[in-house]
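First comes the structure, then the notes that go with it.
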2 protein chains.
Amino acid sequence: MTSILQPKFHFAETQSFSVVDAGPCKVADEETDIGVDVGALSASCTRLASSIKEMKKAGAAPEKIQSAVDELHTLRNDLAAATVALESDEFENSLNRKLFDETVLRRMFVVPAFEIHGGVTGLFDLGPPGCALKANVVDIWRRHFVLEEKMLEMECTCLTPEPVLKTSGHVDRFTDLMVKDIETGDCYRADKLLEDHIDALLNGGTVVPTTAEEHRKVQRQADAYSPEELGSILVEYAITAPATGNQLTAPFAFNLMFGTKIGPSGTLTGYLRPETAQGLFVNFRRLLDYNNGRVPFAAAQIGLGFRNEIAPKNGLLRVREFTMAEIEHFVNPAEKEHPKFASVRNIVMKLFDRDAQLGTGRIAELTVGAAVSAGTIANETLAYFMARTQLFMVKIGMDLTKLRFRQHLATEMAHYAADCWDLEIFTAYGWIECVGHADRACYDLAVHSAATGVQTEAFKQLDTPVEMESVTLLPDRKTIGLTFKKDQKAVYAALDALQRDDSKLRAFEATLSTGEAVLHDGETAWKLTPDMLAFKRSKKLVQVVKFIPSVIEPSFGIGRILHALLEHSFHQRDSKDEQRVVMRLAPPVAPIKCGIYNLQTNVKFMPFVTRIEKLLTDAGITNKADTSGQSVGKRYARADELGTPFGVTVDFDTLIDHSVTLRERDTMAQVRVKISALPSLLEELCDFSDHPKPWASITSRFQRVCCVEGPIRHQVTSRCIFSRPAELI
Amino acid sequence: MTSILQPKFHFAETQSFSVVDAGPCKVADEETDIGVDVGALSASCTRLASSIKEMKKAGAAPEKIQSAVDELHTLRNDLAAATVALESDEFENSLNRKLFDETVLRRMFVVPAFEIHGGVTGLFDLGPPGCALKANVVDIWRRHFVLEEKMLEMECTCLTPEPVLKTSGHVDRFTDLMVKDIETGDCYRADKLLEDHIDALLNGGTVVPTTAEEHRKVQRQADAYSPEELGSILVEYAITAPATGNQLTAPFAFNLMFGTKIGPSGTLTGYLRPETAQGLFVNFRRLLDYNNGRVPFAAAQIGLGFRNEIAPKNGLLRVREFTMAEIEHFVNPAEKEHPKFASVRNIVMKLFDRDAQLGTGRIAELTVGAAVSAGTIANETLAYFMARTQLFMVKIGMDLTKLRFRQHLATEMAHYAADCWDLEIFTAYGWIECVGHADRACYDLAVHSAATGVQTEAFKQLDTPVEMESVTLLPDRKTIGLTFKKDQKAVYAALDALQRDDSKLRAFEATLSTGEAVLHDGETAWKLTPDMLAFKRSKKLVQVVKFIPSVIEPSFGIGRILHALLEHSFHQRDSKDEQRVVMRLAPPVAPIKCGIYNLQTNVKFMPFVTRIEKLLTDAGITNKADTSGQSVGKRYARADELGTPFGVTVDFDTLIDHSVTLRERDTMAQVRVKISALPSLLEELCDFSDHPKPWASITSRFQRVCCVEGPIRHQVTSRCIFSRPAELI
């Protein structure tokens, strides 16, 4: 693992006026290649899954689809086996997961909630260091995004009335697959049931080894089947309700939102929000006014989201209550350039784009500028935020070699979205999506406007009036009525939506002129023919252009980021006789910045310890005095586990000249410093702003102390300094 | 209103070694007296209500109780009338509530949640300035409490499984009064129904003016009646269900927690936590370990609480979702001294103690030291936190003249609590409880321990072993069984609890020896006689003392504090022709620290505006450039409404010497400053730490600018400076 104090890559974030592209994209070298076999297999799977979706949409023959599905199963089995082998290889060397989990729990970074009452799956508390780590990450997020971009931060409620989430689509589509006992009504997550059933089968020992692997393959992809596929497999395995042996229903969608009743009458259904975004969308009109009617602007929110996971797992990675930080950047759909794009143009990112996922399976390293020029990333604004996200990750100390941006496939994206990229972070559980970056077009503002009748348009004042051509849809009501019958209301709603989006309307007109075009509303698709619609063109001089803003949405899962940060910081000292853990958390995010120690139990040392505590506390530097009777090495080790980057020790020299040793966690190097210089020195080293000073800049300014931190008992002596120069500060 | 920049009182917070008491308590002078009439009336009401409770407990004759209740009604009517008159008098002069509400909404400090979808009563969002204000208040809270006292801050989940809240008592006792339509089952808040009914009655005009006041009196105390009283009044008024005209049930308790189902099966009932405290109690064992087994220590949590209010009202004062900040200070019940008590001993607080509420109705001004010496406040630790709370309020800019601590009456406190004081803040809605300070004894840890079997004891190592006498309860099972029959299980549980609390046990033994003693478990009380119990005494040498820690709990309602802060900051300029609002928020909490302006639209000014923006943003100073075409006076006024304390204006002199004017919001005074000096200057003025520099310290160091901010069009000129000295920084 690369030391967080010496990141492998340096980016010219502040190089604002550079306009030179870094040239054509480079393919990742062997070191960062995710492996040719797995890459190619993954690409084949993705390609095939994508074409199956297309076949279904195009209404291909069932047997043709089935054959493709079978082929996909085989490919996925191979991929799963290869991935598991690869990932366990990679982590055998770098993460002792058992020790990691034990440390995180024992030092109270993260603990199971309500543990003494038996706990609840998927609910975790942050203990003192976890809570401080999170507060620091959120503070840096706020400075990096909200302050830097003058975002309009809001705090909206978690309790949300049903109409809002009906409008956003969550009431109908925020679901997982479930089955029910047809007699008792007991519920099970369908894929979990299959997994458990296969476990029981294999543990029962009634299957021969050659078929065992077949079962494992089915088990591994249990959560990837469609409702129909999963239904057939449950029947095939003759799976019944575990508690009763009764028959099960076919798998059906289970809504993942927590419902409640708001108010005394019990008639107003509410949900705990599944995301913070909706609060910002419904406040759009007021936010626009607050911003004096000007677009672009960004709104932001840091807060809780809730998701009634059927089977929570992997600690903070899949939980039922989590902190999110979301940005909604509202922009004129015709002007997605970003004024500060030049400042990020030369940053190199690892991009796993749509074509690579369907083709080579290899990740490309591109500059942001090149990615936008080549059309890999849809527009400057989306790319700008992706780059800013990467800079944020570096700032909080994430291991840059374990980050990549993966683009959503066309079939994976919502129908309204223009482009989506997930920042994925590699952890012991594989690549985890931690930040989504989506260009959601005008969908969110349009649906809330349609549902409430409140305008969500913005205006652009033109310097000189221009002649604008507008296109109006003229449906042939008779033909549409006869063709779509009871669907016609939905068709008209979709046409209305189309009328509101000028560019989509023109594209639709062009497609229709070729003989037919598909109209869809996210749920249903209809084939329209030219006899159903006419298009009327008219021209007028306008000085103001109306538009519903597009939304570019970077959405951060803070819990997942904390987990990844802890994993990337986890380190074991080269130590022959014991497992000595060091959490190499970057100083700006470290929960406690400085430990304070007495070299040994001696009453004369205590006033100095107290004085240093007060000095640091007054300066806002978190600190923890550890004056227990143990050896100072043991106490250093205890602080190392908590990720405390610096330690100050009061010794016999302190009594003479009021100086102390200052120890750095990762190098274990020590310098001798005057007590009075500590606050400003530690402020420089732990600075929340963009540029904390590296330790190396300190060691050259101060007297190095020779010390021995042995592997066996961590005996430390700091008395063997060479000299005491006059310029000791 | 006292200016927040010149607080009326100064406290010697850091005077750590003062041990001198400030002498006997002073009675508040006329200026701060809450009014003799109201005071005396209030005291009579309180005294009578208290004695009615005692009469009920003691099983007095119903007619005797009724007569006392009638008398109480009359007294309360008079009190309500007097209070309304007094409070409206006081606020006619100081708060234009309509303008206040309009400003808070229009500038997006607080907005109704989901407004475009029709909104939900009791749910509010914080807009950009409200959100920033809250973030600043919370940051200062964290520094003032968590960092200063090295508290163990946690973040626990809102979703809470039922057993935890059953144990804490919330499932059974967290309720309000409700009635139901006996046919349709529709629910109503009983007191609200009464209020609405009387409104309809009076608006119908069928009552004569002399009886109208009688009705209003009943209406005013609608939420103060007992279930039985309210039931009779509903019958008296012949109130039926508004929707159907059907009969109503008798008033009954409605639980105020939001329920939900956790997990897929729908069998695990959960609630949204009504307070953050329980998360800390259930983590006590791990926290104690984290603190190396040492007591005292404090845990803290900042987070959401939820309360399904039947009738939310008054903006942020009674809402359904709110932020709390709670501290649980765990302490040996035998050692409630506080090591830092000397640092707060001389702080003067306004105390409205139990005796004054039952007696004179007057508030006393006492030093903290005197209050503890006199036994007014139960112990040093509780008093220490009360003083720290007051210092916090001063730090965030609360108007100190509008703060008081009110002690809970004996009848108002939970049976297990030792002492409780609410910090109340005076607002346009009267005195509002904003911070509770409770000594909850060992109740919380004991109930969770009893329910889970997990020990919540701490240990104290003694220097030398001591002989300890222990008392063991020996119940006579036969007598108890015969006397209490089906209650006997509850009686044994209460006896078990008594056995765990040595001091209560000894007190109980003493009372019982007089002939009888009352045993209670918070819900039921039983009379015990000496024949039911024996007490066995034994002695042994011990070196370790076990104890269940007491909990001292300061609990902050952040939303209420924000509301009070906005009210106390609200100010109107002396301005003849318009209502010019200034939010005099203290610089450390102000949402935006500095506005940036161009004197007029001139392209030459813009690079300076941009440069200043970047300078301040890089230094972490929130800022907002306003370069719209309006007069700079209008733009200053806009920033004044948001509470922006400082404004920087680029003018023609800037082009010559790179200096700008710096304007202070409250005095409207301006000085001339070099651009390069702005970041450090504003950091000094807005410092989050304890001691932001006052504006006055700045004006003496810089060149004053003569300017005119007129009442009519706020024309400002900053060109008429007298001279330009060389030492201009």
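Only a single criterion out of (1) touching a residue at least 60 places away in the same chain (Cβ under 8 Å); (2) of a type outside the set (D, E, K, R); (3) not in a strand (DSSP E or B) is not satisfied by A:THR479, namely (1).
Taking A:SER555 as the residue in question, decide whether it is touching a helix residue (DSSP H, G or I) at 6+ places or on another chain (Cβ under 8 Å), closer than 30 Å to A:CYS442 by Cβ and more than 13 Å from every other protein chain (Cβ to nearest Cβ). Yes; evaluated as a whole, the condition is true for this residue. A:LEU202 passes every criterion in (1) touching a residue at least 24 places away in the same chain (Cβ under 8 Å); (2) in contact with a helix residue (DSSP H, G or I) (Cβ under 6 Å, 6 or more places away or on another chain) apart from (1).
In this entry, A:GLY279 passes the filter for residues that are facing chain B (nearest Cβ under 8 Å) and under 22 Å from B:ALA135 (Cβ atoms).
Here A:ALA238 fulfils each of the conditions (1) away from chain B (no Cβ under 14 Å); (2) surrounded by fewer than 18 Cβ atoms within 10 Å (Cβ to Cβ); (3) touching a Pro at 6+ places or on another chain (Cβ under 8 Å) apart from (3). Quickly run through the stretch A:127-143 and pick out the residues that are at the interface with another protein chain (Cβ under 7 Å from one of its Cβ atoms) and either closer than 21 Å to A:GLY595 by Cα or in a loop (DSSP other than H, G, I, E, B) (or both). A:GLY127, A:PRO128, A:CYS131, A:ALA132, A:LYS134 - these are the residues of the stretch A:127-143 that are at the interface with another protein chain (Cβ under 7 Å from one of its Cβ atoms) and either closer than 21 Å to A:GLY595 by Cα or in a loop (DSSP other than H, G, I, E, B) (or both).
Filtering the stretch A:618-650 to residues that are over 22 Å from A:PRO588 (Cβ atoms), away from chain B (no Cβ under 14 Å) and either modelled with pLDDT of 95 or more or part of a strand (DSSP E or B) (or both) leaves A:THR649, A:VAL650.
Restricting the stretch A:416-456 to residues that are buried (at least 16 other Cβ atoms within 10 Å of the Cβ) and of a type in the set (D, E, K, R), which is nearest to the other protein chains (Cβ to nearest Cβ)? Here the answer is A:ASP444.
Considering B:GLY522, B:GLY515, the condition of being more than 14 Å from chain A (Cβ to nearest Cβ), under 30 Å from B:ARG477 (Cα atoms) and touching a His at 6+ places or on another chain (Cβ under 9 Å) is satisfied by B:GLY522 alone. Here is a check on your reading of the model: is B:GLY266 facing chain A (nearest Cβ under 7 Å) and part of a helix (DSSP H, G or I)? Here the answer is no, as B:GLY266 does not meet what is asked.
Filtering B:GLY231, B:GLY263 for residues that are at pLDDT 90 or above, among the small types (Gly, Ala, Ser) and surrounded by 17 or more Cβ atoms within 10 Å (Cβ to Cβ) leaves a single hit, B:GLY231. For the structure I just gave you, tell me whether B:THR464 is of a type in the set (S, T, N, Q) and either under 42 Å from the mean Cα position of the chain (by Cα) or under 22 Å from B:VAL447 (Cα atoms) (or both). Taking the combined requirement at face value, the residue does not satisfy it.
Candidates A:LEU366, A:LEU358: the one that is farther than 28 Å from A:VAL295 by Cβ, in contact with a helix residue (DSSP H, G or I) (Cβ under 6 Å, 6 or more places away or on another chain) and hydrophobic (A, V, I, L, M, F, W, C) is A:LEU358. Scanning the stretch B:353-383 for residues that are among the hydrophobic types (A, V, I, L, M, F, W, C) and more than 22 Å from B:PRO296 (Cβ to Cβ), we see that the one that is surrounded by the fewest Cβ atoms within 10 Å (Cβ to Cβ) is B:ALA374. When the stretch B:92-124 is filtered for residues that are more than 11 Å from every other protein chain (Cβ to nearest Cβ), closer than 28 Å to A:GLY270 by Cα and of a type in the set (Asp, Glu), only B:ASP101 remains. Restricting the stretch A:318-360 to residues that are touching a strand residue (DSSP E or B) at 6+ places or on another chain (Cβ under 8 Å) and of a type in the set (S, T, N, Q), the residue that is nearest to A:VAL545 (Cα to Cα) is A:ASN332.
Would you confirm whether or not the stretch B:271-286 contains a residue that is modelled with pLDDT under 95, buried (at least 21 other Cβ atoms within 10 Å of the Cβ) and of a type outside the set (S, T, N, Q)? Scanning the stretch B:271-286 turns up no residue that is modelled with pLDDT under 95, buried (at least 21 other Cβ atoms within 10 Å of the Cβ) and of a type outside the set (S, T, N, Q).
Set side by side, the residues A:GLY595, A:GLY559 differ, and just one is in a strand (DSSP E or B) and at pLDDT 95 or above, which is A:GLY595. Only a single item in (1) in a helix (DSSP H, G or I); (2) touching a residue at least 40 places away in the same chain (Cβ under 8 Å) is not met by B:VAL235, and it is number (2). For the stretch A:222-278, a residue qualifies if it is acidic (Asp, Glu) and more than 16 Å from A:GLU162 (Cα to Cα), and the qualifying residues are A:ASP223, A:GLU228, A:GLU229, A:GLU236. Taken together, the residues in the stretch A:282-294 that are touching a helix residue (DSSP H, G or I) at 6+ places or on another chain (Cβ under 8 Å) and either assigned to a helix (DSSP H, G or I) or more than 10 Å from chain B (Cβ to nearest Cβ) (or both) amount to 6. Of all the numbered requirements in (1) surrounded by 14 or more Cβ atoms within 10 Å (Cβ to Cβ); (2) of a type outside the set (S, T, N, Q); (3) in a strand (DSSP E or B), A:LYS536 misses one, and that requirement is (1). If I ask for residues that are of a type in the set (Lys, Arg) and in contact with a helix residue (DSSP H, G or I) (Cβ under 8 Å, 6 or more places away or on another chain), which ones from the stretch A:310-351 would you list? Those that are of a type in the set (Lys, Arg) and in contact with a helix residue (DSSP H, G or I) (Cβ under 8 Å, 6 or more places away or on another chain): A:LYS336, A:LYS340, A:ARG345, A:LYS350.
The residues listed here are B:GLN543, B:GLN499; of these, the one that is at pLDDT below 90 and either assigned to a strand (DSSP E or B) or in the same structural domain as B:GLU433 (by the TED database) (or both) is B:GLN543. Residue count for the stretch A:148-174 under the criterion of being among the polar types (S, T, N, Q), within 25 Å of A:VAL331 (Cβ to Cβ) and within 23 Å of the chain's Cα centre (by Cα): the result is 1.
Conditions tested, residue by residue: (1) of a type in the set (Ser, Thr, Tyr); (2) in the same structural domain as B:LYS313 (by the TED database); (3) at pLDDT 95 or above.
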position	(1), (2), (3)
B:LEU400	no, yes, no
B:LEU403	no, yes, yes
B:ALA410	no, yes, no
B:MET413	no, yes, no
B:TYR416	yes, yes, no
B:ASP419	no, yes, no
B:GLU424	no, yes, yes
B:TYR429	yes, yes, no
B:ILE432	no, yes, no
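Residues in the stretch A:519-536 that are more than 14 Å from A:ALA497 (Cβ to Cβ) and among the β-branched types (Val, Ile, Thr): A:THR529 alone.
The values are calculated or read from the model by the stated rules, or taken from the named source; none is laboratory data. Computed from a predicted model, the values in this text were never measured in an experiment. Neighbour counts are summed over all protein chains in view; Cβ atoms, including those assigned to glycine, are modelled from backbone coordinates with ideal geometry.
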